[in-house]
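Working notes, beginning with the structure itself.
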Amino acid sequence: MTKKQPEVIGWREWVGLPELGIPAIKAKVDTGARTSALHAYYVTPFDKDGKPWVRFGLHPLQKDSLTCIECEAPVKDVRMVTDSGGHSEQRVVIDTCLQINGISMTIEVTLTDRENMRFRMLLGRSALKQGFWVDSSKSFLLGGNKNQPAMASL
């Protein structure tokens, strides 16, 4: 059996989160982060069929607080997460499908307010270990935003 070669990606890439209704979002590939993180400007827990869920809103485009997507997902966990500045906060964790260059996989994502950050999403090591190598000297090795027309309809 032949082992599949890892996909080489740049330090930033366009990815899709189809289960959340996000056709394309620019992600910073962050080998320093264990878990991926997604911008959520509000997070509201609720019960659905007796199980914990979360509703959250995000602005998927950098420098654009007018484009909004409201998402819902089952809660996988709630964890204390320490950011790169050493600040700890309690975050909701969800599982969702990540699409990148025709590859689909389930990843863990924490929800946090990234409004003042340059990227609305961080792609962490847990997702990357599913078959990616990072060339930190390159960007968008998998192409530009192929879903840009879809984003205009949001």
When you go through (1) assigned to a strand (DSSP E or B); (2) more than 16 Å from ARG34 (Cβ to Cβ); (3) without any contact (Cβ under 8 Å) to a residue 60 or more places away in the chain; (4) not charged (D, E, K, R) one by one for ASN116, which number turns out not to apply?
(1)
Enumeration of residues in segment 50-68 that are within 19 Å of VAL78 (Cα to Cα), charged (D, E, K, R) and exposed (fewer than 12 other Cβ atoms within 10 Å of the Cβ)
LYS51
Can you report the number of residues in segment 119-130 which are loosely packed, with under 14 Cβ neighbours inside 10 Å and touching a residue at least 60 places away in the same chain (Cβ under 8 Å)?
0
Only listed residue being under 28 Å from PHE140 (Cβ atoms) and touching a residue at least 12 places away in the same chain (Cβ under 8 Å), chosen from GLU89, GLU13
GLU13
For LYS51: the one exception among (1) basic (Lys, Arg); (2) touching a Pro at 6+ places or on another chain (Cβ under 7 Å); (3) within 26 Å of ASN101 (Cα to Cα)
(3)
Residues that are at positive phi and in contact with a strand residue (DSSP E or B) (Cβ under 7 Å, 6 or more places away or on another chain), drawn from segment 102-142:
GLY131, PHE140
Of the residues in segment 17-38, those that are touching a Pro at 6+ places or on another chain (Cβ under 9 Å) and modelled with pLDDT of 95 or more number 1
Where in segment 1-102 are there strands (runs of 3 or more DSSP E), lying wholly inside it, with at least 3 residues that are under 18 Å from ARG120 (Cα atoms)?
12-17, 22-29, 36-39, 51-58, 69-74, 88-100
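The values are calculated or read from the model by the stated rules, or taken from the named source; none is laboratory data. These figures come from a predicted structure and were not determined experimentally. Neighbour counts run over all protein chains shown; Cβ positions are idealised from the backbone, glycine included.
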